[in-house]
Amino acid sequence: MIVVLDCFQSSPRDANTNTTSSYLDLSPLYGKDGKEQQTVRTFERGMLHNDTFANFRICGFPPGVSALLICFNRFHNYVAGQLYEINEGGRFRGANEDHDLFQTARL
């Protein structure tokens, strides 16, 4: 059996159909669904685990691709940390603090 490493997130039904958007897609970092997201999140202050990304397929790409995702990971954690420290107008409080920080840092 030959396994082809697909560089796009293709549809399982039709390999000619790309299921991602034409815009910058960070699903390799954050995951394509909630289950993959849980593998990279710390669930504390909106942070990601250090130097991780959600899509294991990236390991088959040139090392620069992984390095770029790690840079995005570190930038996400920096932004989430700044949002937490500044907390303008007390926006991030209560039970949803982690979720709100995570989603805002993704922007």
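See the values below:
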{"quantity": "Range in the chain, longest, excluding exposed trypsin sites (Lys or Arg not before Pro) [loop by DSSP; at most 10 other beta-carbon atoms within 10 Å]", "calculated": "14-92"}
{"quantity": "Sum of -39500 (n - 2.57) over DSSP H runs of 4+, divided by residues of the chain (222 nm, nearest 500)", "calculated": "-13000 deg cm²/dmol"}
{"quantity": "Long-range HN-HN contacts of residue 10 with modeled amide H, under 5 Å", "calculated": "19"}
{"quantity": "Residue 95-residue 16 FRET efficiency (beta carbon distance; Förster radius 30 Å; 0.05 resolution)", "calculated": "0.10"}
{"quantity": "Efficiency of FRET from Cβ geometry, residue 24 and residue 103, R₀ 25 Å, rounded to 0.05", "calculated": "0.90"}
{"quantity": "On Cα atoms only, tilt of 97-106 relative to the major axis of the chain in degrees", "calculated": "50 degrees"}
{"quantity": "Percent RCO, i.e. relative contact order, over the chain, from Cα pairs under 8 Å lying at least 6 residues apart", "calculated": "24 percent"}
{"quantity": "Under 5 Å, built H, 5+ apart or other chain: amide partners of residue 42", "calculated": "47, 48, 49"}
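We did not get these values from a lab; they are worked out from the coordinates using the rules stated. Quick caveat, the model's predicted, so the values are computed rather than measured. Here Cβ is always computed from backbone atoms with ideal geometry, including for glycine, and neighbour counts include all displayed protein chains.
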